[in-house]
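Following: one structure in structure tokens, then a few remarks.
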Amino acid sequence: MTINYLTSGAKVALSIISASALLLASCSQEAPPPAPPKPVKTLQIGDPAGLSESSFPGLAAAALEANMSFRVSGPLVELPVKVGNKVQAGSVVARVDPNDFQVVLNNTQSVLDAAEAAARRADADYQRLYNAQQEDAGATSQRAVDLALAVRDESRAAVSSARATVQTATDRLSYASLVAPFNGEVVETYVENFETVIALQPVLRLVDKTNIEMTLAIPENLIGYADFVTDISVSFDALPGTEVTAVISEIGSEASQATRTYPLTITMGQPQGVEILPGMAGQARVQAQLPATVETGLHVPPTALFAGTDTDHSYVWIIEGDIVTRREVETGDLTTTGVLITSGLNPGELIVAAGVSALVEGQRVRNLDVGDAQ
């Protein structure tokens, strides 16, 4: 029997090799990646002192504008307007050849005339047989009376159908004329006279510049104050020194998914001496008489608040960098613009606005959007 003995140097070498193998095996197992930041909706706390007056950019647009097109197809035979022409409501601005539609109307009218004549004969036949039977029961059979009644009813139905066909043909003939729906100015034409146009193909663009609209993008923290607006004045880059008074005409109820702003449409008349043209860039200065609670504190949505282990206290998540930290706040009344915060928050700070119960202290988060809160 042969016994192999390891020298002390060999033992040391074997130990080094074993340790290296263990080190390589541990290095081959990668550490688990860190959890990705949790997406959250956020709000940035604003200064309530600046809410009573704000400015918003916008583009002028005509309050009434329309791309006009025919409801039927055909060759153009009239295009009496050109770019720059002013037209009155009800005036014809284009016409396609009405001959084919007139022929169809004439044919359907002939069918209606024949149907009405047949209906009159059928009604007379039925009345004659019915009266005869009433005077002498044996003068005619009940079967003959019933048959005459059926013919009369069928002829009446044919008349109703023919009348509907005539009405359709009449409508199509009227569609051969394109009529201005409002007073306005032709700002663009898309076809030439004598071209063949198809139904719904744009023929011209009509604009009424008497009243001008502008749509403003209002942050979600300010849209709730639209009812408190007292004055709106608009200035335009192309019209220096001119300010136009405007009023709110429409308040959007759904925020843009991209910007988290709400559309607010304002309307203004044309000022004397100058003309606001669609597409002009302007700035709207909006003044509001805010409620006293807005001027004395900050507001956050109720979804931004949560309670700790002690339900007598309220907290919000403050975002610093991409880490959330719990902070206690003191709350006041619930108003139409949110919960009044009397202490614990400062203008400019970023908070989590929704989904607060799913977060823990020190968790990394990612902003879905950044708005402003008052």
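Here are the numbers for the structure shown:
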| read-out | value |
| --- | --- |
| Complete set of residues in the range 68-93 that are on the phi > 0 side of the Ramachandran plot and crowded, with 18+ Cβ neighbours inside 10 Å | G74 |
| Residues located in the range 87-113, provided they are acidic (D, E) and free of Cβ contacts under 8 Å to residues at least 12 places away in the same chain | D113 |
| Among (1) farther than 13 Å from V203 by Cα; (2) part of a loop (DSSP other than H, G, I, E, B) - the single one K82 does not satisfy | (1) |
| Unique match (being outside the structural domain of L76 (by TED's automatic domain parsing) and touching a residue at least 24 places away in the same chain (Cβ under 8 Å)) among L200, L264 | L264 |
| Among residues of the range 48-63, those that are at pLDDT 95 or above and either part of a loop (DSSP other than H, G, I, E, B) or surrounded by fewer than 16 Cβ atoms within 10 Å (Cβ to Cβ) (or both), counted | 2 |
| Residue in the range 219-239 that is on the phi > 0 side of the Ramachandran plot and not assigned by TED's automatic domain parsing to the domain that holds P301 present | no |
| Residue within the range 150-169 that is of a type in the set (S, T, N, Q) and either surrounded by 16 or more Cβ atoms within 10 Å (Cβ to Cβ) or assigned by TED's automatic domain parsing to the domain that holds T265 (or both) present | yes |
| Some residue of the range 124-138 being assigned to a helix (DSSP H, G or I), of a type in the set (K, R) and touching a helix residue (DSSP H, G or I) at 6+ places or on another chain (Cβ under 7 Å) | no |
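The values are calculated or read from the model by the stated rules, or taken from the named source; none is laboratory data. Everything quoted here is computed from the prediction, not taken from an experiment. When we count neighbours, we look across all protein chains shown, and the Cβ atoms used for this are built from the backbone with ideal geometry, even at glycine.
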